[in-house]
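A quick write-up on the structure given underneath.
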Amino acid sequence: MARKGSLEAERQAIAKERQALEAREAKLRESEQVAMAELLRKSALGKAPFERVEAFFAALGKLGLEEAERRLRAS
């Protein structure tokens, strides 16, 4: 019986660690979003008119990120 209790305690400890890890990952994703927004603001896109930025992202969506990166590296 003691083993059954210790297994349940271990399950609970793992669940608690998993929840803490998920919270850390959510915080990291939020920090990455803030950093990306800051990079965008500081870039040429951040200084461009909205319509051009919108068109740029539409074109990027059609090309796909990998193809756009390949073409930019080639230029």
(message) What is the angle, in °, between the Cα long axis of helix 65-74 and the longest principal axis of the Cα atoms in the chain? Nearest 10 is fine, range 0 to 90.
(response) 50
(message) Can you give the FRET efficiency to the nearest 0.05 for residue 39 and residue 8, using r as the Cβ-Cβ distance and R₀ = 35 Å?
(response) 0.15
(request) Multiply the residue gap between residue 66 and residue 19 by 0.36 nm, knock off their C-alpha separation, and tell me the result in nm, one decimal place. (result) 13.5 nm
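Where the only charges are on Cβ atoms (+1 Lys, Arg; -1 Asp, Glu), what is the dipole of the chain about its Cα centre, to the nearest 20 debye? Let's see the in-between values first.
Working: 16 positive and 13 negative charges, 25 e Å.
Result for the chain is approximately 120 debye, rounded to the nearest 20.
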(message) Between [x] 5.5; [y] 8.1; [z] 4.6, which entry matches mean projected area of the Cα convex hull in nm² as derived from the coordinates of this structure?
(response) [y]
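If you roll a 1.4 Å probe over the heavy atoms of the protein chains, what accessible area per residue do you get for the chain, in Å²?
On the way: 7030 Å² over 75 residues.
Using a 1.4 Å probe on heavy atoms only, each residue of the chain averages 94 Å².
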(request) Per residue of segment 6-14, in order, report the coupling 6.51 cos²θ - 1.76 cosθ + 1.60 (Karplus, θ = phi - 60°) as ³J(HN,Hα) in whole Hz, putting x for Gly and Pro. (result) 5, 5, 5, 4, 5, 4, 5, 5, 5
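The values are calculated or read from the model by the stated rules, or taken from the named source; none is laboratory data. All values derive from a computational prediction rather than experimental measurement. In this analysis, Cβ positions are derived from the backbone assuming ideal geometry, glycine residues included, and neighbour counts consider all displayed protein chains. Keep in mind that these areas ignore ligands, DNA and RNA; they rest on the heavy atoms of the full protein, side chains included. Shrake-Rupley method; radii C 1.70, N 1.55, O 1.52, S 1.80 Å.
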